[in-house]
Structures are given as C-alpha cells and as structure tokens.
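Heads up, the thing below is written out as structure tokens.
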Amino acid sequence: MSDTPQVPTADGTLPPLGILIGGRWLAGDEPFPVSDKFTGATICEVASASKMQVSDAVARAQSAFLKGPLQPYERSRVLDRLGGLLASHRERFRALMVAEAGFTLADADGEIDRAIITVRLCAEEATRIVGDTVPFGSQPGAGGRLGFTIRVPLGVVCAITPFNSPLNTVLHKIAPAFAAGNPVVLKPSNLTPLTSALLCELFLEAGVPPDALALVHGAGATVGSWLVEDQTVAFYTFTGSTRVGAQIQQGAGLRRTQMELGSIASTIVCADADLDKALPKIANAAFRKAGQVCTSVQRLYVHEAIIDEVNSRLAHLAGSMRAGNPRDPDTRVGPMIAVAEAERALSWIEQARLGQARILQGGTRDRAVLQPTVITAAQPGMRVLEQEIFAPCVTTLPFRDLNAAVADANATPFGLAAGIFTADITNAFAAARTLRFGAIHINETSSARADAMPFGGVKASGFGHEGPRYAIRELTEERLITVN
Ligand code: NAP
C-alpha cells in the first residue's frame, strides 16, 4: 500500500492507495478503481474504509477535539506552510487532476492558484475569530453587568465533497474547519480521491495533529452513510447534488450542516450590454471544466434585439474552443467525468433537437468529450432547460421585458448564482433585488467567484456559506459570557 499518490508513471498508473487515520496510511476493505477520465484506463486502486475504520476515524477526531485545538496563531502557521507546500507540489496536483478529473492544464492550474488563495485566507482568518460585546446598558437594571461572546469550535466536522473541484472545494471545507479549531474527517468523491490524498499528506507535513485529520475513501452509499449515522460528528459540510444533500440533512437531524447543492444558473444579457466583454466571459463560464461547475451558465437570457448577434458570436466562440485531450495545452474543454454522463447530456440535447430547438454549435460526442454546445429556440419542459445539465452546454432564451426574464430565471427550484450584463445601473439593481439567488453578479456571469466572498445558495441550492470568513462563522458556535 503506497503512503501517498505520486505523479502517475509513464504508463499512467499509480501504486494502490490507502486511507489515512491517525497520521498513518492503512489498508482497507474492497478496493475500487480510479480511472483516467480521458483514456478510460484504470490509474489507481483505492481502498474503501471499513465501517470500523470510519468509526475509528471519527473517535480519534473526537479525542483530538477533547484534547483541545492548537492555538489560533499555530493553526495560522500550519495553513501558511500548507500554502507553500501546495505551490511547491503544483506538478503533482496538476498531473493528478488532469488524470482523475479530466481537467485541462488551464483548469488544473486555475484550481491550484485558487487553492493557494483559499489557504492564505484561512491562515489570516484563523487569527481573527472574535465575538461581540453585549450592550447591557441598553436595558434598565442590567447596566452594572458586562457581557461578551466568544466563538468556539464545534467538534468533529465531516466534509463530503463532489468530483468537480477536487482541490479547491475540498480546501474550502477542511481549511476553514481547521482554522476554526475543529478536527475533520474527509470523504471525497470516489471519482477523484487522489487529489484529496495528496492534499491530506501535505496538511500532515504542514503540522496538523495526526488525529485532527482523517481521509476515508469509499462509496457515498456506504462510507458516506456511516459518517452520517455516527452521532459523534457535530457538523456536516457538504457539496454535491440536491438529492444527496437532502439525504444527509435528514440523517443529521438537529446537528448543524452547510449544504452547497445543485443549481441551474442563469445569466441575463441586456440590449445595452458590452458584448465584447460579456461574450468571452460567458463562453468561459459555460464551457470550462467541461461545464461541470455548479454556477456554469446553463440558461442565457438575451434581449431579443441582440439575440441573433449573441447566438452567432457565441456559437463562433464555442466552435473555436478545442475540445479533447486535456494534456494538450491547446485544449480548452476536456472530457466530462464519465462517458455515461456525456451520453446523458447528449440525450438531453437530442431531446431538444427533436423538439425543434436549434443546435447552433456542438451537439456531438467522442467518448467522454462533449463538444461545447449552444442551443436556441428551446421550449419549456425540455431537459436542457429544466434540469441541471452539468455539461458544456448553454441555451439562449430571448426576452423583451427584463422582469419576465427575471421571473423565468426565478422559476426553477434552484437559487445558487445569477449574472446580468447591462450598462443601466437602475436595471441592474432592480434585477439584483428581484433575482432570488445566493449571489447576483453585475457585469459578470453567474460563475464569477472570488474565494474571499460569501458563497452559498438558496432554495434547493442549499444554505450556509463558503468563503473562509463566512465558513468559520458556520464552523464555530457563539458562547455568551456575562459578569455581574
Ligand atoms: P453527488 O453525487 O451528490 O456526490 C457528492 C458526494 O456525496 C460524493 O462524495 C458522494 O460519494 C457522496 N454521497 C453520495 N451518496 C451519499 C450518501 N447517501 N451519504 C453521504 N454521502 C453520499 O454529487 P457529484 O455528482 O459528485 O457532484 C455534482 C453535484 O454537485 C452537482 O449537482 C453540482 O451542482 C453540485 N455542486 C454544487 C456546488 C455548490 O457550491 N452549490 C459546487 C460544486 C458542485 P460517491 O460519489 O463517492 O459515492
């Protein structure tokens, strides 16, 4: 059993990988294969954690919690060191993400750059965890008292993560949890466990106490469910589908959770938008990471006066983005996470085509690679509009009245993020007030994100926030102390 994942060898393979408990890599139960998402070849066998190992990981995390966390300045230093280690292991992260997630070189580098920022922000926030002073003098009879709040760690945090951001999304969970003083048990997606393994190795090297971080691999239905059943876990931080999020929430009961769930993200382009600036951003936000980003532009509302121009220019941009081998530096769109997922997305596009929608660009597939696809003239009820496609596919929808576009964007069950391009500040703010999403980006797409900002959805897109400062509020509890 290898202790940590190295860069795949010339034949693209890695030695078998174990699970991490108490600072040691252990053999587990039945191994599962991890494939290269472009070639389809198995690159690594990864051990699944047994039920007993899951329980041991949580128990050790609880004993680390009871021992008490490192001091804030020590946590900050560990995170600083981790940031340096991420930068110095860029090559390994890049190779792993290109292989197991199908990321293009640019997608992988973007993920690593952002991960380094996320860790730096967490290192800063670790030393700024403060409460409030209570204004006792505001009420008769209490003026002699003093009161203040402190924020204290919650206990064992369980992080369950998806396949589509195997480094930065994992960090957005485990780094704020550690910054806040909580031990963590991580279960990454079975599709992309190798990046998490390297990340946890570096976290240990940076100085995290061995029992304060465990990595348990395995299927959500088994390992994930055991984690949810374990009553010692105090908090679940989850990113993934709405369906699985609802299951975890049901199992969590009165325990607290943070849910970053599914989405159908919309962006609106008004007639006065600066298309030279907007369209490259839209193409990038629709097709990068093969469209497998929760905020990817899926519905593009375009004012009817400019829809022909937008359709033609967007189709041209999509056609000029090379799709294929993610190791080729010219490739802009890599494979989707599985051939079956590309088939599923293509079947939705076919449904739209049969229903008289027009496929302006793309709509073809080679194994897991779906060509960047632009659809127009789609009708209500088509899956490309009504369900989260999570593929490099955007559908343009004409509008005459901005209020109608806003109402239509609001009519999905989801509410993660939306964007609006306009030169009219009154329209921009009117839309921002009425679009029911966790974030509205003016003159950016739904997919605009800076790691420092609060990030989270409403409705079926979940609740709670990522973004180190905001996540730390979720990952601590406020305790009142008064003195008479
Ligand atoms: P997923 O199928 O929901 O899986 C997410 C994680 O949950 C995986 O680690 C999975 O394990 C685990 N899991 C599955 N069943 C479980 C159970 N019963 N109990 C506990 N854990 C369980 O999501 P995905 O396909 O990986 O990711 C795509 C989805 O994530 C999309 O819907 C996307 O919108 C959403 N997402 C949302 C955000 C956001 O910020 N709102 C960001 C990124 C992605 P295995 O798969 O390994 O079995």
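The values are calculated or read from the model by the stated rules, or taken from the named source; none is laboratory data. All values derive from a computational prediction rather than experimental measurement. Quick reminder, even Gly has a Cβ in these numbers, built from the backbone with ideal geometry, and neighbours come from all protein chains shown. Each accessible area value is taken on the protein alone, full model and side chains, heavy atoms only, with ligands, DNA and RNA left out. Shrake-Rupley method; radii C 1.70, N 1.55, O 1.52, S 1.80 Å.
For segment 283-307, what are the residues that are open to solvent by less than 30 Å² (accessible area, probe 1.4 Å), within 15 Å of the ligand (Cβ to nearest atom) and outside any helix (DSSP H, G or I)? Gln292, Val293, Thr295, Ser296, Val297, Gln298, Arg299 - these are the residues of segment 283-307 that are open to solvent by less than 30 Å² (accessible area, probe 1.4 Å), within 15 Å of the ligand (Cβ to nearest atom) and outside any helix (DSSP H, G or I).
When you scan segment 41-52, do you find a residue that is in a helix (DSSP H, G or I) and open to solvent by 50 Å² or more (accessible area, probe 1.4 Å), even just one? Let's see the steps before the verdict.
Keep residues of segment 41-52 that are in a helix (DSSP H, G or I), which gives 51-52.
Still in the list and also open to solvent by 50 Å² or more (accessible area, probe 1.4 Å): 51-52.
Within segment 41-52 (the criterion being in a helix (DSSP H, G or I) and open to solvent by 50 Å² or more (accessible area, probe 1.4 Å)), the answer is yes, since at least one residue qualifies.
Considering segment 199-255 alone, what residues qualify as being of a type in the set (Phe, Trp, Tyr) and over 22 Å from Leu82 (Cα atoms)? Residues satisfying the conditions are Trp226, Phe235, Tyr236, Phe238. Only a single criterion out of (1) within 30 Å of Ser76 (Cα to Cα); (2) more than 14 Å from the ligand (Cβ to nearest atom); (3) assigned to a helix (DSSP H, G or I); (4) without any contact (Cβ under 8 Å) to a residue 40 or more places away in the chain is not satisfied by Pro280, namely (1). Somewhere in segment 179-195, is a residue away from the ligand (no atom under 16 Å from the Cβ) and closer than 21 Å to Met52 by Cβ? Checking segment 179-195: at least one residue is away from the ligand (no atom under 16 Å from the Cβ) and closer than 21 Å to Met52 by Cβ.
Contact map, segment 210-225: residues that are within 15 Å of Met52 (Cβ to Cβ) paired with residues that are at pLDDT below 95 and surrounded by fewer than 19 Cβ atoms within 10 Å (Cβ to Cβ), Cβ distance under 6 Å, separation 6+ or inter-chain. No pairs are found. Of all the residues in segment 233-271, those that are more than 9 Å from the ligand (Cβ to nearest atom), open to solvent by 50 Å² or more (accessible area, probe 1.4 Å) and either part of a helix (DSSP H, G or I) or touching a Phe, Trp or Tyr at 6+ places or on another chain (Cβ under 9 Å) (or both) number 4.
Note on segment 213-231: residues that are closer than 15 Å to Ala159 by Cβ and either open to solvent by 20 Å² or more (accessible area, probe 1.4 Å) or part of a loop (DSSP other than H, G, I, E, B) (or both) amount to 6.
Please tell me if Gly143 is without any contact (Cβ under 8 Å) to a residue 60 or more places away in the chain, touching a helix residue (DSSP H, G or I) at 6+ places or on another chain (Cβ under 7 Å) and over 20 Å from Glu466 (Cα atoms).
Working: without any contact (Cβ under 8 Å) to a residue 60 or more places away in the chain: yes; touching a helix residue (DSSP H, G or I) at 6+ places or on another chain (Cβ under 7 Å): yes; over 20 Å from Glu466 (Cα atoms): yes.
Answer is yes for this residue.
Taking segment 196-210 as the range and being assigned to a helix (DSSP H, G or I) and not polar (S, T, N, Q) as the test, the residues that pass are Ala197, Leu198, Leu199, Cys200, Glu201, Leu202, Phe203, Leu204, Glu205, Ala206, Pro210.
Contact map, segment 408-431: residues that are within 25 Å of Gly381 (Cβ to Cβ) paired with residues that are of a type in the set (D, E, K, R) and open to solvent by less than 40 Å² (accessible area, probe 1.4 Å), Cβ distance under 7 Å, separation 6+ or inter-chain. Pairs shown: Ala409/Arg299. Any residue at all in segment 358-367 that's surrounded by 17 or more Cβ atoms within 10 Å (Cβ to Cβ) and part of a loop (DSSP other than H, G, I, E, B)? So far as segment 358-367 goes, yes, one or more of its residues are surrounded by 17 or more Cβ atoms within 10 Å (Cβ to Cβ) and part of a loop (DSSP other than H, G, I, E, B). Here Glu91 meets the list (1) at pLDDT below 95; (2) out of contact with any Phe, Trp or Tyr (no Cβ under 6 Å at 6 or more places or on another chain) almost entirely, failing just condition (1). Would you confirm, using the coordinates I've provided, whether Ser446 is closer than 26 Å to Thr104 by Cβ and not β-branched (Val, Ile, Thr)? So Ser446 passes the test. Is it true that Gln371 is surrounded by 21 or more Cβ atoms within 10 Å (Cβ to Cβ) and of a type outside the set (A, V, I, L, M)? In short, yes. Per the conditions (1) within 28 Å of Phe287 (Cα to Cα); (2) among the hydrophobic types (A, V, I, L, M, F, W, C); (3) in contact with a strand residue (DSSP E or B) (Cβ under 8 Å, 6 or more places away or on another chain), the sole criterion not satisfied by Val98 is (3).
For segment 214-232, give me each residue that is closer than 18 Å to Gln258 by Cβ and either at pLDDT below 95 or within 8 Å of the ligand (Cβ to nearest atom) (or both). Gly220, Gly224, Leu227, Val228, listed by residue number.
Scanning segment 29-40 for residues that are open to solvent by 30 Å² or more (accessible area, probe 1.4 Å) and assigned to a loop (DSSP other than H, G, I, E, B) yields a total of 3. Selection within segment 380-393: residues that are closer than 21 Å to Ala460 by Cα and crowded, with 20+ Cβ neighbours inside 10 Å. The member of this set that is farthest from the ligand (Cβ to nearest atom) is Met382. Checking the structure you have, find out if any residue of segment 373-388 is under 30 Å from Thr39 (Cα atoms), without any contact (Cβ under 8 Å) to a residue 24 or more places away in the chain and of a type in the set (Asp, Glu). No: zero hits.
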